[in-house]
Amino acid sequence: MNNLELTTELTTELRNLIDQMKAGNRRAVARLITHVENGGPETARNIIKEIYPLTGKAYILGITGAPGSGKSTLTNQIASEYLKAGKKVSIIAVDPTSPFSGGALLGDRIRMKPNFTNKNLFIRSMANRGKLGGLAMATKDVLHVLDAYGSDIIIVETVGVGQSEIDIFKSAHTTLVIMPPGMGDGIQAIKAGIMEITDIFVVNKMDREGADRRVNELQTMLDISEKIDVDSPNNSIRVLRSKGWRPPVLKTNGLTGENVPILLDQIKKHGDFIITSGLKKQRLIFRYKHYVVDILKYFLLKNIEKIVFSNPKINEFIEKILSYEKGNDPYSISDAIMEVFLNRYF
Ligand SMILES: Nc1nc2c(ncn2[C@@H]2O[C@H](COP(=O)(O)OP(=O)(O)O)[C@@H](O)[C@H]2O)c(=O)[nH]1
Ligand SMILES: [Mg+2]
């Protein structure tokens, strides 16, 4: 890829930050993440290349659900439990629906306050960031930075609205979907795609009326979905969940932390399940396929003119178009160029 003139050199500043990160410096991690967000994939590539051998160890826990369902509150409780157990925890809040993140972030930080000074905890909001290459790609890069930093658990909190967030969840080790009582009308509230990503349902706000009803609705829905043939080609639902795991439905109280230890037990159980079932590897392959496609899309799109125009054969192709013959139209010629391109690179 040399003719694309991609830099492969780490600046001294980045190298120093990586060294400091390795030494456990939280501020260095924060600054590296800022570089990833602001510098986009051009900067991220150099960082990831350097730190990659340190990654692959963190457990990624996805948390999604409608705004106000208690994700941040519960995230704090979950983080507390892991911190108590001596784990190093990182939290990324990805929320593209709140573009003016200052307030939301402040709110989250205040709510997170009991944990905020713990040196084993790192919190970052990624709302409205990652314009270069997109938020989903920035999130994947940041996950690797936090993994290399030595996080045992990385909690990703997002409103799972778009396909890209759903992709993040498909590649998480365990995804919690928060469904409190009193929001939406039961099964109707379960949007397409949610079933596909749910490993554990959490009915948060168990202190509110209707919590048991919500649990029953979810159980009924799971009964129905279990009747669908998992192997049927028409069944897009449980592609990455596989047989043998019925998502448990748990009630929690985000304010008091009630049942959070039970939730952690279930997360552990699911973590064991994905290993024994082979699902872990499947999810990792899914994750890196999408990551690589993101990277290719970004750099190919960015460099397509350079790639095409710098090819000495390009004029031969284009001159064919000037014949105005069938099969020499711009689409067919583009197909032919793509063919050459694919043969060269694959
Ligand atoms: N009654 C009750 N309120 C809760 C519970 N968990 C969170 N909340 C409140 O619900 C509101 C939204 O919580 P938040 O964590 O910001 O939700 P998010 O938007 O999903 O991150 C806040 O006012 C929380 O204090 C709970 O278990 N019971
Ligand atoms: Mg939140």
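Here, each number is a calculation from the coordinates, and none is a lab measurement. Keep in mind that this is a model prediction, so the values were computed, not measured. A quick note on method: Cβ atoms are made from the backbone with ideal geometry, for glycine too, and the neighbour counts reach across all protein chains shown.
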Around Ser125, which amide H atoms from residues at least 5 apart in sequence, or from another chain, sit under 5 Å from its own amide H, with H modelled in the peptide plane? Ala93
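Efficiency by 1/(1 + (r/R0)^6): what FRET value for Phe309 and Thr55, r their Cβ-Cβ distance, R0 = 41 Å, to the nearest 0.05? Each step should come with its number before you reach the end.
Working: r = 37 Å, r/R0 = 0.89.
For Phe309 and Thr55, the calculated efficiency is 0.65.
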Sequence neighbours fewer than 8 away in the same chain don't count; with that in mind, list the aspartates and glutamates whose C-alpha is under 19 Å from Lys227. Glu196, Asp199, Glu217
So, with points 7 Å from each Cα along the Cβ direction, the Asn216-Lys268 label distance in nm works out to 3.2
Where labels lie 7 Å past Cα in the beta-carbon direction, separation of Arg344 and Ile321 in nm: 1.7
For Lys306, the lysines lying under 29 Å Cα to Cα, once residues fewer than eight places off in the same chain are dropped, come out as Lys49, Lys131, Lys140, Lys289, Lys297, Lys320, Lys326
